[in-house]
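Notes to accompany the following structure.
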Amino acid sequence: MASMLRTCIALAVLTFGLQASAAANDDIDKRLGDARSWVTAAGSYSGQRFSTLKQITADNVHELRPVWSFSTGVLRGHEGAPLVVGGIMYVHTPFPNIVYALDLDHEGRILWKYEPGQDASVAAVMCCDTVSRGLGYGDGKILLAQADATLVALDAKTGAAVWTAKNGDPKLGETMTGAPLVVKDKVIVGIGGGEYGALGRLSAYRLSDGKPLWSAASAGPDAAMLIDPQKTTELGKPVGENSSLKSWEGEEWKIGGGPTWGWITYDPKLDLIYYGTGNPGTWNPIQRPGDNKWTDTIFARSAETGVAKWVYQMTPHDEWDYDGINEMILADISIGGATRRALVHFDRNGFGYTLDRTSGALLLAEKFDASVNWASGVDLATGRPQRARAFSPEAGGEDTATEGICPSALGAKNQQPAAFSPQTRLFYVPTNHTCMSYEPFHVSYTAGQPYVGATLTMTPAPGDTNLGNFIAWDAGSGKIVWSVPERFSVWSGALATAGGVVFYGTLEGYLKAVDARTGHELYRFKTPSGIVGNPITYERNGKQFIAVLSGVGGWAGIGLAAGLSSPDDGSGAVGLNQALSNYTALGGVVTVFARP
């Protein structure tokens, strides 16, 4: 009888859990299917940043006007974007990571405010500004990845903390700046700290109560990485036993970096999540012989178990800080006359990659910035870049500056997410157009201290004065369709709409709208501060709105954000963008636009 009772209880608990999971799925699935909302950081699981709303068109976008705004009260880089769920906008800030719920029917009236009690010392171990890239939503909860590596679930109606989970330790240099993604009954989050020797990982927590479900390291033994040596593949071949361990010298992998502070996407039909890992620990490549797997890598993992289905390393043995964390956009792409279920990725290293997202087959890899010179191309058979020795800091040696490397460590594109329009079949990519000198030096590891090992100086690309471009890219042919030069790096994300309009922001603070087919500028408005956030669109009471966070900062704007003046500060970004102070100032504002 007792045994039967235990069985009945177990079945009841299981049934309740499945029902709760189904309810969570129904909730977010319903929201994702409603173009009037914006319920993930990228607007959808695919990361396309495309909206089917079309009241605002190429013919009438010039009529846009700001209709209300809201100051966050924080003066650092405002990356990421608000969420819109029903009639509420959820806005996040940089450290100290305040969350506001704003009433869209009353011009942003504050419904609630959540402010974490974080130790101020956490800000000191945040690389490249104290940013946060957004919130997650699911099952009536708002998910916040705090800088101190705490994951918090807030009641979406009241702002009360439902549960918290500790995902890392700032004393080891571990922080969180990425936006959580809710997939079924799980919250997926990454970790930062590559410049502190922190070992990256991706982790899943149960949405209902924050219980840890799985965690997958970026380097190390197979068991810790959730790699099956025979079933996990790279370019169709099994990776083999302990593929990561064999690519590091000794136990260097333990401080091997590979942070996961970027974007996460998901294919519900394949039940696979996609994300990238960052730079290997220490920027001095001489100290870490080998390919340093699996840093600078695209991962496709089972959302249910976390086990890797396939991997692809874009920059083996990274010598330039070319993190691979940029977004993985899922779209069906025609290549060679055949339509492929593709993954498109614009990497820091300057190559635009198109892969089969089911198998991980490499279909295309071409430069999306003409100045890229560290490699002449990518061998599609082996997947390896064809490096130019003249631009190899390792070949130059320690304490020697290698000049004229393109792109700079900012990357030809950094974290600022691109967009894709199913109408034009084009990708809209905010880019950097910069180069650098790179001088590696020996560095020793101390927990919680910078583990960098290189000095950088950044410059414009040879022959040009513009530090950025906003481009349209054909991922089937690997060609730029059109390009709009910008004075500074384009550190804002892109938004494509069914009205034939693409939106993006500039470091000076302009929200711009361009024609999706031609790139012709249709509208601009100067917001209170430089834009490093990502525009979104939503509909309320039958009217389409555009919203964007402004607040200069991020790596490109670190000089203004942190009050730095030495040109070498910010790994050279301060000197590169020293003229930015002539165009904008600190701020932290959400600006909402609509037609009259």
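Do you know which residues across the stretch 557-582 are assigned to a loop (DSSP other than H, G, I, E, B) and buried (at least 17 other Cβ atoms within 10 Å of the Cβ)?
GLY557, ASN577
I'd like the residue in the stretch 205-237 that is hydrophobic (A, V, I, L, M, F, W, C) and in a loop (DSSP other than H, G, I, E, B) and, out of all such residues, is farthest from GLU251 (Cα to Cα).
Here the answer is LEU207.
Just to be sure I understand, how many residues within the stretch 311-325 are farther than 18 Å from GLY377 by Cβ and surrounded by fewer than 24 Cβ atoms within 10 Å (Cβ to Cβ)?
Looking only at that region, the number is 1.
If you check every pair at least six apart or on different chains, which have Cβ atoms under 7 Å apart with a residue in the stretch 51-70 that is within 22 Å of ALA418 (Cβ to Cβ) first and a residue that is acidic (Asp, Glu) and open to solvent by 20 Å² or more (accessible area, probe 1.4 Å) second?
Cβ pairs passing all conditions: LEU53/GLU539; ALA58/ASP515.
Looking at the stretch 422-444, is at least one residue out of contact with any strand residue (DSSP E or B) (no Cβ under 7 Å at 6 or more places or on another chain), surrounded by fewer than 23 Cβ atoms within 10 Å (Cβ to Cβ) and without any contact (Cβ under 8 Å) to a residue 12 or more places away in the chain?
Yes.
Which pairs do you get when a residue that is touching a residue at least 40 places away in the same chain (Cβ under 8 Å) and buried (at least 19 other Cβ atoms within 10 Å of the Cβ), found in the stretch 30-44, comes within reach of a residue that is among the aliphatic types (A, V, I, L, M) and assigned to a loop (DSSP other than H, G, I, E, B), reach meaning Cβ atoms under 6 angstrom, with the pair 6+ apart or on two chains?
Listed pairs, sorted by first residue: ARG31/VAL39; ALA35/LEU53; ALA41/ALA179.
With polar (S, T, N, Q), assigned to a strand (DSSP E or B) and open to solvent by less than 30 Å² (accessible area, probe 1.4 Å) as the only criterion, which of THR295, THR354 stands out?
Only one candidate qualifies: THR354.
If we scan the stretch 495-516, do we find a residue that is open to solvent by 50 Å² or more (accessible area, probe 1.4 Å) and of a type outside the set (Ser, Thr, Tyr)?
no
Counting only residues that are of a type in the set (D, E, K, R) and part of a helix (DSSP H, G or I), which one in the stretch 377-397 is least open to solvent (accessible area, probe 1.4 Å)?
Result: GLU394.
Here are THR400, THR459, THR465, THR455: which of them is open to solvent by 10 Å² or more (accessible area, probe 1.4 Å), free of Cβ contacts under 8 Å to residues at least 24 places away in the same chain and farther than 23 Å from SER132 by Cα?
THR465
Report, by residue number, each residue of the stretch 480-522 that is of a type in the set (Gly, Ala, Ser) and farther than 27 Å from ALA579 by Cα.
Correct list: ALA496, ALA498, GLY499, GLY500, ALA516.
So, in the stretch 54-90, exactly how many residues are more than 13 Å from ILE546 (Cβ to Cβ) and among the hydrophobic types (A, V, I, L, M, F, W, C)?
Residues that pass the stated criteria total 7.
The values are calculated or read from the model by the stated rules, or taken from the named source; none is laboratory data. Everything numeric in this text was worked out from a predicted model, so none of it was measured. For neighbour counting, all protein chains shown are included, and Cβ atoms are generated from backbone atoms with ideal geometry for every residue, glycine included. We work out accessible area using only protein heavy atoms, side chains counted, and drop any ligands, DNA or RNA first. Shrake-Rupley method; radii C 1.70, N 1.55, O 1.52, S 1.80 Å.
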